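Reading through the structure tokens given below for one structure.
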Amino acid sequence: TLWLHGHCHQKAFNTLGAVTSVLSNLPGTQVKQIASSCCGMAGSFGYQKETQAASIAMAELSLLPALKGTQPKDLVVADGFSCRHQISDLSDKKPLHVIRVLAEALD
């Protein structure tokens, strides 16, 4: 199972469906979009002392609870650089960019 977290820009420009479609064509995979808002990182926002608590609270709204429902063999896919750092920092998941997933599927 591939758990897909959409970057805010992907959601704003309605391009997450294309990523889902491409990933769905990988043999033996099931793609599940994580219903979440912003991950909370927003560039360096999540690392600033003044805004770190707000950043974590945003991640705890829906993203982190969704990740707790994943299985150990499941992959988390997140195209946003900040999103991948937020997920890595606040969970035991190591998210991959969609290009990494596609490259591994070619091997």
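Compute the angle between helix 52-61 and the longest alpha-carbon principal axis of the chain, please, reported from 0 to 90 degrees and rounded to the nearest 10.
Long axis of 52-61 versus the principal axis of the chain: about 40 degrees.
Which of the lysines could a cross-linker bridge to LYS32, judged by Cα under 26 Å and excluding same-chain residues fewer than eight apart?
Cα-Cα hits under 26 Å: LYS11, LYS68, LYS73, LYS93, LYS94.
How much of the accessible area of the chain, in percent, comes from carbon and sulfur atoms when a 1.4 Å probe is used?
Carbon plus sulfur share of accessible area: 58 percent.
Considering Cα pairs under 8 angstrom that are at least six residues apart, work out the relative contact order of the chain and quote it in whole percent.
Answer for the chain is 31 percent.
Add +1 for every Lys or Arg and -1 for every Asp or Glu among the other residues with Cβ under 13 Å from the Cβ of GLN30, and state the total.
Surrounding charge for GLN30 is +1.
The values are calculated or read from the model by the stated rules, or taken from the named source; none is laboratory data. Small disclaimer: the values here were computed from a predicted structure and weren't measured. Note that we place each Cβ from the backbone using ideal geometry, even for glycine, and neighbour counts take in every protein chain shown. Just the protein is used for accessible areas: all its heavy atoms, side chains included, with ligands, DNA and RNA removed. Shrake-Rupley method; radii C 1.70, N 1.55, O 1.52, S 1.80 Å.
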